[in-house]
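See structure below.
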Amino acid sequence: MLTNQINWIKVEIEVPVHDFIQQVKVRAKKLCLIRNQGKLYMVQNTCPHAGGILSGGWCEKGNIVCPIHRYEYDLDSGRGAEGQGDYIKIYPLEMRDDGLYVGFRESLWERFFGKNKV
Ligand code: FES
């Protein structure tokens with residue numbers, strides 16, 4: 001069976017123990033790391049609505065809220081609130097002995113033809 005492969009990249013950050021929202025850079029990519037009610041999430045940092053920076057937002061009822069027009073996205077599914085019709089990308093995370101890792105799915109196209117692996 002052909003499946004997408006996940007590349008795990010270490011996130012160079014001391015992860016706070018309390019709830020927080022912070023932009024992190026993983027290789028050249030800016031992402032948004034969140035701890036909400038004790039659980040860690042990694043999501044895209046750019047709002048799909050009009051480019052707001054989600055790491056400047058806040059969490060409410062399990063959603064990340066964009067600070068620009070207050071669109072909301074579910075932290076588990078990435079789905080936008082009712083009526084928005086959009087979503088954000090959620091990245092898998094793994095806490096290992098040596099720190100936090102984020103997973104990037106590599107498509108078959110990237111696996112066979114990509115040169116710029118994340
Ligand atoms: S830019 Fe994020 S809600 Fe509009």
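The values are calculated or read from the model by the stated rules, or taken from the named source; none is laboratory data. Keep in mind that what you see is a predicted model, and the values were worked out from it rather than measured. Positions of Cβ are generated from backbone atoms using ideal geometry, with glycine treated the same way; all protein chains shown enter the neighbour counts.
On the basis of being more than 9 Å from the ligand (Cβ to nearest atom), under 13 Å from Asn36 (Cβ atoms) and of a type in the set (A, V, I, L, M), does Leu54 make the cut? When the stated conditions are applied, Leu54 does not pass them.
One line per residue, one yes/no per condition, for (1) in contact with a Lys or Arg (Cβ under 8 Å, 6 or more places away or on another chain); (2) surrounded by 16 or more Cβ atoms within 10 Å (Cβ to Cβ); (3) closer than 21 Å to Lys10 by Cα:
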position: Lys29; (1), (2), (3): no, no, yes
position: Asn36; (1), (2), (3): no, yes, yes
position: Val43; (1), (2), (3): yes, yes, yes
position: Gly57; (1), (2), (3): no, yes, no
position: Ile64; (1), (2), (3): no, yes, no
position: Tyr73; (1), (2), (3): yes, yes, no
position: Ile90; (1), (2), (3): no, yes, yes
position: Leu93; (1), (2), (3): no, yes, yes
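Does the stretch 70-89 hold any residues that are within 12 Å of the ligand (Cβ to nearest atom) and more than 22 Å from Asn7 (Cα to Cα), and which are they?
Arg70, Tyr71, Glu72, Tyr73, Gly80, Ala81, Gln84, Asp86 - these are the residues of the stretch 70-89 that are within 12 Å of the ligand (Cβ to nearest atom) and more than 22 Å from Asn7 (Cα to Cα).
From the list Pro92, Pro67, which residue is away from the ligand (no atom under 16 Å from the Cβ) and at pLDDT 95 or above?
On the way: Pro67 fails: away from the ligand (no atom under 16 Å from the Cβ).
Only one candidate qualifies: Pro92.
Condition check for Arg70 on (1) assigned to a loop (DSSP other than H, G, I, E, B); (2) in contact with a Phe, Trp or Tyr (Cβ under 6 Å, 6 or more places away or on another chain): one failure, at (2). Would you be able to say whether some residue in the stretch 1-17 is without any contact (Cβ under 8 Å) to a residue 40 or more places away in the chain and assigned to a strand (DSSP E or B)? Looking through the stretch 1-17, none of the residues is without any contact (Cβ under 8 Å) to a residue 40 or more places away in the chain and assigned to a strand (DSSP E or B).
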